[in-house]
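Down below is the structure, laid out as structure tokens.
The values are calculated or read from the model by the stated rules, or taken from the named source; none is laboratory data. Note that the structure is a prediction, hence the values are computed from the model and not measured. Cβ atoms come from the backbone with ideal geometry, glycine included; neighbour counts cover every protein chain shown. In case anyone asks, the SASA skips ligands and DNA or RNA and just uses the protein heavy atoms, side chains included. Shrake-Rupley method; radii C 1.70, N 1.55, O 1.52, S 1.80 Å.
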Amino acid sequence: MEVKLWNDKREREMYENFAELYAIIKATEKLEKAYIRDIVSSSDYETECQKLIAHFKTLASTLKDTVPSIERFADTYKMDCPAALNRLVTSGVPATVEHRAAASASTTTSAAIVAECVQHFITAMDSLKLNMVAVDQVHPLLSDLSGSLNKLSILPPDFEGRTKMKDWISRLSKMGAADELTEQQARQLHFDLESSYNSFMAALPNAGT
């Protein structure tokens, strides 16, 4: 005996849309898994994923009254498709686009921190030239520089500038705030700053910037 799912044209259209939505979610889940397993190329994945997302958005908009929650729809029809729901509902863009955006943001962040480090290097060296050699003048400048260097992940882990600044900060911490660096200490610190700055600038191209 044949069971009719619909009683009129409107219901028939609704169930056809349900079937289309079901198919899009299932197809997206398979595509996501294929991309993760490297079965499909990034370019093919992105093209197909963009198509599925576009179809999904159109259909979801059409069904917004009958299917207010896509997650509930997937749950009702016992669809185990977490990757598809993340891609279609949460993200809305292919994974390749997400990765490019993240890489771009990372590059922008690195560029800002590089500029920050350069500024701190120059400020510290200029201050010594202006004979600002009291501990409470020098210590904050080196702390700022050290903090910026530590934020920059593109530098090699054994970067000498980090070590030298750490040693100087440790040395200054044992002195009184009003104490001043001797002429020899100031000269050595300036030399360490200058050599660290040169090493810093040389390290950047090697880090791919």
Most to least accessible of Glu20, Glu46 (protein chains only, probe 1.4 Å):
Glu20, Glu46
With an 8 Å Cα cut-off and a minimum separation of 6 or more residues, compute the relative contact order for the chain in percent.
17 percent
Within the range 49-65, find all residues whose amide N lies under 20 Å from a label point positioned 7 Å from the Cα of Lys33 along Cα-to-beta-carbon.
49-50, 52-53
Could you please state how large a percent of the accessible area of the range 1-80 is carbon and sulfur, counting protein chains only and using a 1.4 Å probe?
50 percent
Among Glu13, Glu180, Glu29, determine the one that fluctuates most according to a GNM of the chain built with springs between C-alpha atoms less than 10 Å apart.
Glu13
Hz values of 3J(HN,Hα) by residue in the range 16-32 - Karplus curve (6.51, -1.76, 1.60), Gly and Pro given as x
5, 5, 4, 5, 5, 5, 4, 5, 5, 5, 5, 5, 5, 4, 5, 5, 4
Give a residue-ordered list of calculated ³J(HN,Hα) values for the range 142-151 (Karplus: 6.51 cos²θ - 1.76 cosθ + 1.60, θ = phi - 60°; whole Hz; x for Gly, Pro).
6, 5, 4, 5, 4, x, 5, 4, 5, 7
Extension gain, Lys57 back to Asp167 (0.36 nm per residue minus Cα-Cα distance, nm):
33.9 nm
Kindly report, to the nearest 10 Å², the accessible surface of Leu88 as traced by a 1.4 Å probe over protein heavy atoms only.
10 Å²
Between the DSSP loop rule and a limit of at most 15 other Cβ atoms within 10 Å, which trypsin sites (Lys or Arg not before Pro) in the range 1-96 are left?
Lys4, Arg37, Lys64, Lys78
Pair-distance profile P(r), taking every C-alpha pair of the range 6-95, with 10 angstrom steps and integer %:
16, 50, 25, 8, 1
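If Phe159, Phe191 are ordered by their accessible area, calculated over protein heavy atoms with a 1.4 Å probe, which sequence runs from highest to lowest?
Of Phe159, Phe191, the descending order of accessible area is Phe191, Phe159.
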Cα-Cα pairs above 12 Å in the range 138-193: how many percent?
67 percent
Heavy-atom surface of the chain, accessible at 1.4 Å and reported per residue (Å²):
62 Å²
For the range 79-125, build the convex hull from the C-alpha positions and give me its volume per residue in Å³.
69 Å³
Which entries in Lys26/Lys51; Lys26/Lys78; Lys9/Lys51 show an alpha-carbon gap greater than 22 Å?
Lys9/Lys51
Run the reach check for Lys129 against lysines, Cα to Cα strictly under 20 Å, same-chain hits fewer than 8 apart removed. What comes back?
Lys164
With each label point set 7 Å from Cα along the Cα-Cβ vector, what nm distance links Ser143 and Leu130?
1.9 nm
Going out from 0 in 10 Å bins, what whole percent of all Cα-Cα distances in the chain drops into each bin?
7, 24, 16, 12, 12, 13, 10, 4, 2, 0, 0
